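This report concerns only the one structure given below.
The values are calculated or read from the model by the stated rules, or taken from the named source; none is laboratory data. In this text, all values refer to a predicted model and were calculated from it rather than measured experimentally. Note that each Cβ is placed from the backbone with ideal geometry, even for glycine, and that neighbours are counted across all protein chains shown.
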Amino acid sequence: MSTSLDLRAVIADVVREVVADLAGPTTAAHAAPPYAAAPAPPAVAAVSAPSQSTAGVAGSEHVSPPQLRERVEAVRITDDTDLDRFARHLLALFENPKNRQDLKAGRLRFRLEGGTTTVTAHDRPAQRIDTGAVTERQVKAAAESGRRLILGRRAVLTPLARERARALGVPIEKER
Amino acid sequence: MSSTAIGMIETKGFVAALAAADAMVKAANVTITDRQEVGDGLIAVVISGEVGAVKAATEAGAETASQVGELVSVHVIPRPHAELGNHFDVSAK
């Protein structure tokens, strides 16, 4: 009899965990009792861990309330500091098993806020060409390696190369 | 013809100009319409043809000229004005 009681207790625990997971972290805090049983460490950690909305990342804010299963966080990344902050926020999120599962399953997603950040021309490594013709082939190679072109005084850019550079977005600086 | 374009390649030195002219007529369906020697070793070769052909030809010619000698400039005029023909020897008809 004792084994059937144990089995019943285990089943009840599992059902409670599943319901807590489905209901979300806020209701789970009320529904699931704070127990320290070994069989389900993720649920325990999810209940006992502080809500991830208190992580306080300056560059990010919640768009949807945490009760919803699918969440989209708006993240504003404009410089290196924001990126660093977001990475630390992501690490903090990952310590929470519930958030970790949500992230892996795609229930917790991120979107960039305030427009996308573009790589400025000066962030690219430069390739310098001093003399001769700068052909379409060289521009294509520069685009593939993500470089910008710096042309010396005696380098000549062909019309086809100029068109291709414009199409591929390769920055070309001509020295005077 | 409105789709006719002219292309120009200027080199320093006769050999580079000749090599460029040869590369241009071999690369695409273009014709050499003029050769200008302005002195100081500067030689310009003018070609004409369809816009795409002229662009491809000048690409090949410029590459050849820079390998053989010194390339000074390359330019393509996609739809030259008819007035040009009155004063320059370019057959932009």
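On the given criteria, is B:LYS26 at pLDDT 95 or above and more than 18 Å from A:LEU157 (Cβ to Cβ)?
On the way: at pLDDT 95 or above: yes; more than 18 Å from A:LEU157 (Cβ to Cβ): yes.
Here the answer is yes, as B:LYS26 does meet what is asked.
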ask   = Of the residues that sit in the stretch B:55-74 and are polar (S, T, N, Q) and without any contact (Cβ under 8 Å) to a residue 60 or more places away in the chain, which one is nearest to B:THR33 (Cα to Cα)?
value = B:THR58
remark   = Inside the stretch B:1-23, the number of residues satisfying the requirement of being without any contact (Cβ under 8 Å) to a residue 60 or more places away in the chain and under 8 Å from the mean Cα position of the chain (by Cα) is 1
ask   = Restricting attention to the stretch B:1-30, which residues are among the polar types (S, T, N, Q) and surrounded by 14 or more Cβ atoms within 10 Å (Cβ to Cβ)?
value = B:THR4, B:THR11
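Inspect all residues belonging to the stretch A:89-111 and state whether any of them is outside any strand (DSSP E or B), in contact with a Ser or Thr (Cβ under 7 Å, 6 or more places away or on another chain) and away from chain B (no Cβ under 14 Å).
Step one: of the stretch A:89-111, the residues outside any strand (DSSP E or B) are A:89-107.
Of the ones still in play, those that are also in contact with a Ser or Thr (Cβ under 7 Å, 6 or more places away or on another chain) are A:89.
Restricting the remaining residues to those that are away from chain B (no Cβ under 14 Å) gives A:89.
The answer is yes; a qualifying residue exists.
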ask   = Which ones in the stretch A:149-176 are assigned to a strand (DSSP E or B) and either buried (at least 20 other Cβ atoms within 10 Å of the Cβ) or within 11 Å of another protein chain (Cβ to nearest Cβ) (or both)?
value = A:LEU149, A:ARG154, A:ALA155, A:VAL156, A:LEU157
ask   = In the stretch A:128-146, which residue that is surrounded by fewer than 16 Cβ atoms within 10 Å (Cβ to Cβ) and closer than 15 Å to A:LYS174 by Cα is nearest to the other protein chains (Cβ to nearest Cβ)?
value = A:THR131
task = Identify, from the list B:SER73, B:SER48, the residue that is at the interface with chain A (Cβ under 10 Å from one of its Cβ atoms) and polar (S, T, N, Q).
result = B:SER73
